[in-house]
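Engineer: Here it is, the structure, as structure tokens.
Each value in this text was obtained by applying a stated rule to the coordinates, not by laboratory testing. Just so we're clear, the structure is a prediction, and the values are computed from it rather than from any experiment. Every residue, glycine among them, receives a Cβ derived from its backbone with ideal geometry; neighbour counts consider all protein chains shown.
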Amino acid sequence: MPAIQPQALIDQRTVDTVIVDVRETDEFAAGHVAGSINVPLSELMARQNEVPNGAFIICRTGSRSAMATEFLNGNGHQVTNVLGGVTAWPEDLVL
């Protein structure tokens, strides 16, 4: 499964980089990566068309994002898991 360390993603991030946070809405609201979009894992099957190819998938620790990445890539998407999730993200999270 394609995966990336948070700092490597930060280093290569551009204005076109899409980060999809698959945590539940209350978790996302409590703090998330600036500019990320929220598509909860519980809704991912129905909302997978909202995830563009090339997106980076993140959660709290990397477990849910790994499941989401596996699901999406198995259904024709090309996405990458962010290892360690927001707990490993070196920048401040936004509310």
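Engineer: Given the C-alpha centroids of the range 50-95 and the range 1-15, what is the distance between them in whole angstrom?
Structural biologist: 10 Å
Engineer: While we're looking at this one, here's another question. What is the local net charge at Leu72, summed over the other residues whose Cβ is closer than 15 Å to its Cβ (Lys, Arg +1; Asp, Glu -1)?
Structural biologist: -2
Engineer: Then there is this: List the relative contact order of the chain as a percent without decimals, with contacts defined as Cα pairs under 8 Å and 6+ residues apart.
Structural biologist: 37 percent
Engineer: May I ask for the net charge around Val51, where only other residues with Cβ less than 15 Å from the Cβ of Val51 are counted and Lys, Arg are +1 while Asp, Glu are -1?
Structural biologist: -2
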